[in-house]
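Input: a single structure, listed below in structure tokens.
The values are calculated or read from the model by the stated rules, or taken from the named source; none is laboratory data. Given the structure is predicted, the values throughout are model-derived calculations rather than measurements. Methodologically, a virtual Cβ is constructed for each residue, glycine included, from the backbone with ideal geometry; neighbour enumeration extends over all protein chains shown. Heavy atoms of the whole protein, side chains included, go into the accessibility calculation; ligands, DNA and RNA do not. Shrake-Rupley method; radii C 1.70, N 1.55, O 1.52, S 1.80 Å.
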Amino acid sequence: MTYYGGFIYKGRSLLALPKNLEVRFVRRQANHVVHTLARVSRLYASHPYQRLKKAFNGCQEHEIPPTPLTGEQVYDQVKDINIVEIHGVVNQLKLGESSKYCNELLKKFGMEGCKEAATPISNTCNLDLDEKGIVVDNSKYRGIIGSLLYLTASRPDIMFVVCLCARFQANPKESHMKSVKRILKYLKGTTNVGLWYPKGVSLSLIGYSDSDYVGCRLDRKSTSGTCHLLGSALVSWHSKKQACVALSTAEAEYIAAGSCCAQILWMKQQLRDYGTELNKIPLRCDNTSAINLTKNPILHSRTKHIEIRHHFLRDHVQKNDCVVEFVETSKQLADIFTKPLPRERFNQLRIELGIINESCLN
């Protein structure tokens, strides 16, 4: 039995915190809040809400001494809670100890003895339908994709390529199977890699948005990539093909920034539950034209075709909920969620996002 998201959750989830954590269960009553401290053997979480809470804890200056409770006492205290705060008993918390799952995955699909790959996808790879290619077993292909999608909850570094390969599940070919096997080869050499959540950092929320203009070779739609950091902890990431065809890079970046803003608003509301009010949250974009669209209310021939639903970003900028800032492409952290990257660039972004090998921390 695992305590998950403020409720008792029977089941298995991928993201695991270290053992012997101090957990503060918060139960809201009529006009006050009741805090209960307990120590549990292991806590699992795979939703951004859980990652947000763990990062928020890392930004706090003081720790609360633990109160030992039995399992029955903990259940009595938490059966009607609605917020869970995590307090680590170590200086830092590592989220996503998924090495065991990676090894099981390699064994399941017969890739235990494979060679290691430096990146999950080659920067020269361009997947398409490959209509003349050799057909492969789609049940095996879907099995690998499903297992990898589960792993993306703790391994943001494979998010883009897994979502890319998932587009070809209906009729996979040998070229597609080769790409998913490369992901497994990459996991072979990075089984000890996971998210690292440091403590004692400043409480600040920053969003990054980027897009790969007409990146999809099938329908020429762009790919949006966003990520959000609380302090220096990565708490949310996103990689998705856009629903409409963008007619310019500015439009593609503007749509990506809009989805990033929506996630910022959600996080802002969650942080408000902790008594933290954030305004003018930075949203960093590397396209000046998209930034100017949030400031200029005048529609002209280059922007009038953009759907109205994407202009809610401009509305929230005017309300001071977020501020769209320019960031150099070399410092754009969301780049890893939009396109294949060379090895050096990929490793640089992986480290900056806090996706670190356990051996680097010793």
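Listed values, structure above:
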quantity: Unit charges on C-beta of K, R, D, E only; dipole of region 201-339, Debye; calculated: 280
quantity: Estimated distance in nm for a label pair at residue 280 and residue 219, the labels positioned 7 Å out from Cα along Cα-to-Cβ; calculated: 4.0
quantity: Sites matching chymotrypsin sites (Phe, Trp or Tyr not before Pro) across region 95-162 that sit in DSSP coil, with at most 13 neighbouring C-beta atoms within 10 Å; calculated: none
quantity: Packing-based ranking, highest mean first, of 215-222, 345-352 given that Cβ atoms within 10 Å are counted; calculated: 345-352, 215-222
quantity: Estimated FRET transfer efficiency (residue 130, residue 315; beta-carbon r; R0 51 Å; 0.05); calculated: 0.75
quantity: Distance-filtered residues of region 145-187 - backbone nitrogen under 16 Å, label point 7 angstrom along residue 122 Cα→Cβ; calculated: 174-186
quantity: Accessible area of region 201-339 divided out per residue, in Å², using a probe of 1.4 angstrom; calculated: 43
quantity: Solvent-accessible area of residue 247 with every protein chain in place, 1.4 Å probe, in Å² to the nearest 10; calculated: 120
quantity: Estimated distance in nm for a label pair at residue 358 and residue 171, the labels positioned 7 Å out from Cα along Cα-to-Cβ; calculated: 4.4
quantity: Label-point separation in nm, residue 351 to residue 201, each point 7 Å along Cα→Cβ; calculated: 1.6
quantity: Given 132/240; 140/268; 100/331; 240/280; 107/199, the pairs whose alpha carbons are separated by over 30 Å; calculated: 140/268; 100/331; 107/199
quantity: Packing-based ranking, highest mean first, of 223-230, 314-321, 164-171 given that Cβ atoms within 10 Å are counted; calculated: 223-230, 164-171, 314-321
quantity: Relative contact order %, region 236-295, counting alpha carbon pairs below 8 Å whose residues are six or more apart; calculated: 43
